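Reviewing the structure listed below.
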């Protein structure tokens with residue numbers, strides 16, 4: 001059986017932001033750097049409210065996090081401290 005290769009669209013951020021409007025899916029997050037009491041939280045919304053996808057966690061620098069889940073309204077990331085991360089999203093229309 002051939003291995004599944006999942007490639008997606010990158011979204012790099014160092015601050016809280018709307019990652020995508022509308023429905024979609026997140027595949028993973030790669031945290032390049034994290035310091036100063038870093039934290040990440042993901043929402044199914046276009047703001048820091050509503051349905052929580054991933055509650056607040058403390059990311060570790062140079063670490064990938066596999067997070068495979070769908071969102072309906074949009075994807076918003078809340079970042080605390082100093083974090084540089086890249087979210088990998090399923091290509092638009094793939095969900």
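When region 18-43 is filtered for residues that are over 8 Å from the mean Cα position of the chain (by Cα), crowded, with 18+ Cβ neighbours inside 10 Å and free of Cβ contacts under 8 Å to residues at least 60 places away in the same chain, the ones remaining, listed by number, are 31, 34, 38, 40, 43.
Within region 58-71, the set of residues being more than 14 Å from the chain's Cα centre (by Cα) and touching a residue at least 40 places away in the same chain (Cβ under 8 Å) is empty.
Bear in mind these aren't lab numbers, they're just calculated from the coordinates by the rules spelled out. Please read all numbers here as calculations on a predicted model, not as lab measurements. Here the Cβ is made from the backbone with ideal geometry for all residues, glycine too, and neighbour counts use every protein chain on show.
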